[in-house]
Every structure is written in C-alpha cells, then in structure tokens.
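Comments concern the structure below.
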Amino acid sequence: MDEVIRIEGIKKHFRVGEQEVKALDGVSLKIEKNEYVAIMGPSGSGKSTLMNIIGCLDTPTEGRYCLAGIDVCNLSGDELAGIRNREIGFVFQSFNLLPRYTALENVAMPLVYAGVGKQERLDRAAAAMRAVGLADRMEHRPNELSGGQRQRVALARALINKPSIVLADEPTGNLDTKMSENIMKLFEEIHSSGNTVVLVTHEEDIARYAHRVIRLRDGKIESDEKLKKI
C-alpha cells in the first residue's frame, strides 16, 4: 500500500500567559492509502490539533509531516492552501455552510477556488449531491435543511474536488442516533470507493466504524489498534 500521511516527532506548543501548553508532544504515525482511521482522546488530548496539522490548517512547532510524499512543514501559506485544496476534503461538526447560498452553491464553492468554470462547477456539484441522496434539495438554503441533510451537503462539498483524503472532525456531534448512522454509512461508502478517511471522535460507537483507532492522551499516542472486521 502507498503511504499518504507520515508524521515524525510532531510537537505543537502554545503559550497561554506565562504557561507553555504542549498540545502535541512528539507524535509519530503513518497512514496508508485507503485506511479508515479514528482518532480518539479526552478533551485536551491533542486530537483536534493533530487533525488541523494533518489537514494543513496549522503547522507544527517541531517535527516533520509528509503528505502524499511532500514535506509540507516548510511550504508557504499559498502552497499549503494549494495542496489542501487538491488532496483533502473536510467535514466539520458545525457543517460550515454559507447561509445565503443554496446547497448546490455551497457544494460547488471549493471549485471556485480551483478555477473551474461555472457550468462545470454546477454540473459536478449536482452529481455530488445526487451521490449523497440530496437530488431534491439542491435549491434549498441551509436553514431549510435538517441537521442530517446539512451534514450530507458538507460531505458532498468535501468530495467535490475528488480528494485522496477525507478528514472529519466530530462529523456526527450535532446529529441524533439515526442521522449519525446514515452519515457513517456514507463514510463507509466513501472508504469503499478508495478514499483515505480520518475522523476525530469522542464516541466509541462512531470509532467502531473505522478499521484502526489511535488514542491520544496528554499530547502523546496512548494506543494504536487495528480493529477486526467481521
């Protein structure tokens, strides 16, 4: 298998007043292409910081990070944005949809930054919305959609650039049990189609959908376990 994420000795320190906080304290891990990984840990364990570094939304204080064979630690802001747009699709707990735009326009938004023409943007966004079962909700605005529908819009947007990696931060945190199950079935389909999936969650039942669970505590990896799938 091909390695898509390699992290070596990553540290991330913050200064809060006079105190230095070690959000990550020497984390090393590898994730192969088409793995399905859950990152778990209590509040303050460093899991969201690690996700932000993997997603090129933040840079480490120390250490090395290679994404798809590229050492990203020394890239400029524009270069980071470029690789992020090409390689990574994000799904957030809060959906991060733009309220004044339709669902279709929200899904198409990453293609604006990629320089894709308007008609192709809309065609690809419509195909992505059909893929997540929202063909009849394209012209609805976020406030006209249920929480589960909004998360499916966010998922369609994450997939629009055909990223190799899908990162999800507490993707079911605002959803009820039934909606959570539906969203996780979509993640299973995404993984089955060849994507690498990495999700942050504090819920054990959500982590069990993954094939590997990495647990953090106090900025360090406490355990790294592959789950047996029946």
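All of the numbers you see were taken from the coordinates with simple rules; none came from a lab. Because the structure is a prediction, the values reported are computed rather than measured. Note that each Cβ is placed from the backbone with ideal geometry, even for glycine, and that neighbours are counted across all protein chains shown.
Between the helical axis of 177-192 and the longest alpha-carbon principal axis of the chain there is an angle of about 80 degrees. Between the listed residues Ile165, Ile70, Ala135, the Cα displaced farthest toward the positive end of the dipole of the chain, a dipole computed from Cβ unit charges relative to the Cα centre, is found at Ala135. Structure note, pairs Lys12/Lys33; Lys22/Lys220; Lys47/Lys228; Lys33/Lys162: Cα-Cα distances above 19 angstrom occur for Lys12/Lys33; Lys47/Lys228.
The angle between the Cα long axis of helix 147-159 and the longest principal axis of the Cα atoms of the chain comes to about 80 degrees, rounded to the nearest 10.
Filter the trypsin sites (Lys or Arg not before Pro) in the range 41-123 down to the DSSP loop ones having no more than 15 other Cβ atoms within 10 Å, then list what survives.
Those that pass, being in a loop and sparsely packed, are Arg100.
Taken along the Cα-to-beta-carbon direction at a fixed 7 Å, the label points for Asn74 and Glu188 span 4.5 nm. Amide H contacts of Gly41 (H built 1.01 Å from N, in plane; Pro and chain starts excluded): Leu216 sit under 5 Å, all sequence-distant by 5 or more or on other chains.
So if each residue of separation counts as 0.36 nm, and I subtract the Cα-Cα distance between Val112 and Lys162, what length gain in nm does that give?
Residue separation times 0.36 nm, minus the Cα-Cα distance, leaves 16.6 nm.
Taking the longest Cα principal axis of the chain as reference, the axis of helix 77-87 is set at about 60 degrees. For the range 1-124, a crude dipole built from +1 on the beta carbon of Lys and Arg and -1 on the beta carbon of Asp and Glu, taken about the Cα centre, is about 280 debye to the nearest 20. Fraction of C-alpha pairs exceeding 19 angstrom in the range 126-186: 26 percent, rounded to a whole number.
Available extension along the chain between Arg130 and Cys66 is 19.7 nm, counting 0.36 nm per residue and deducting the alpha carbon span.
Measuring r between the beta carbons of Thr177 and Asn96 and using R0 = 25 Å, the FRET efficiency lands at 0.65. Orientation-averaged projection of the range 73-136 equals 5.5 nm² [convex hull of Cα atoms, one quarter of hull surface area]. Dividing the helix sum by the residues of the chain, where each DSSP H run of 4 or more adds -39500 (n - 2.57), gives a mean residue ellipticity at 222 nm of -10000 deg cm²/dmol. For the pair Asp2 and Glu204, label points projected 7 Å from Cα toward Cβ lie 3.7 nm apart.
Here the gap between Lys33 and Gln19, fully extended at 0.36 nm per residue and compared with their Cα-Cα distance, gives a gain of 1.2 nm.
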